[in-house]
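Colleague: Mind looking over this structure? Questions follow.
Read-outs throughout are calculated quantities, based only on the coordinates presented, and are distinct from any laboratory measurement. Just so it is clear, the model here is predicted, and its values are computed rather than measured. Quick reminder, even Gly has a Cβ in these numbers, built from the backbone with ideal geometry, and neighbours come from all protein chains shown.
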Amino acid sequence: MTPKLSSSDFELFGLPERFAQDMAAIDSSWKQLQREVHPDKFAAQGAAAQRVAMQWSVRVNEAYRRLRDPLARAAYLCERRGAPIEAESNTAMPADFLLQQMAWREELEQAQSEDALARVNAELTKARADAFARIEQALDQSGDAAAAARQVRALMFIERFAHDVEARFDELGQ
């Protein structure tokens, strides 16, 4: 089967449609696809062929970025399985996660040393790993895209908060 521009990222790259992926397989597929669709390869075939090749190249690169980024890959899978993330309009979080967010914010506000920030960062690293494990469980084992979408929204907060922690590290380092 020859993939179409409308093929899923997984079909395009010849990968199983699941969260857990082999990064080397993604990279290998990307390199192979780029060799096949690079616009320079079609230079002798005229402008129309180069435009089509450019569309393919853009599509391949877009899929590659999404497949390589675990957060984007999880959101993409949730969307494909009927549970869009809707982060802008659906901010509902479990009460325990909201309490955790408040505790992290308080820890960040009170952190006056790199050691204190390192402790917050370590908590975020663990929370991130736990969220990824729950996403993989929900998508690959349980088939529960709605549960995975909730975890993706939580992970989006963790990622944004991690940027705040990094900014605070920068402030202390100045």
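Colleague: Give the separation of the Cα centroids, the range 18-94 to the range 134-174, in Å.
Modeller: The range 18-94 and the range 134-174 have Cα centres separated by 21 Å.
Colleague: Shifting gears a bit: With each pseudo-label sitting 7 Å past Cα toward Cβ, what's the Ala167-Leu98 distance in nm, one decimal?
Modeller: 2.4
Colleague: Could you compute the FRET efficiency for Gln34 and Ser6, with r as their C-beta to C-beta distance and R0 at 25 Å, rounded to 0.05? Write out the running numbers ahead of the final one.
Modeller: On the way: r = 19 Å, r/R0 = 0.77.
Given R0 = 25 Å and the Cβ-Cβ separation, E is 0.80.
Colleague: FRET efficiency for Ala44 and Arg105, Cβ-Cβ distance as r, R0 = 45 Å, nearest 0.05?
Modeller: 0.15
Colleague: Still on this model: At a Cα cut-off below 14 Å, give the aspartates and glutamates reachable from Lys126, other chains included and same-chain residues fewer than 8 away excluded.
Modeller: Glu159
Colleague: Just subtract the alpha-carbon distance of Ala122 and Ala87 from 0.36 nm times their residue separation and send over the number in nm, one decimal.
Modeller: This chain segment gains 10.1 nm when fully extended.
Colleague: Just to compare against my own numbers: the Cα pair-distance distribution for the range 9-68, 5 Å bins, whole % per bin, please.
Modeller: 4, 20, 29, 19, 13, 9, 5, 2, 0
Colleague: Among all the aspartates and glutamates, which ones have a C-alpha under 16 Å from Lys4's C-alpha, if same-chain residues fewer than 8 places away are not counted?
Modeller: Correct list for Lys4: Glu36, Glu62.
Colleague: Ranking request for peptides 32-38, 133-139: highest mean number of other beta-carbon atoms within 10 Å first, then the rest in descending order. It would help to have the intermediate numbers written out before the result.
Modeller: Numbers: 32-38: 14.9, 133-139: 19.9.
Packing order, densest peptide first, comes out as 133-139, 32-38.
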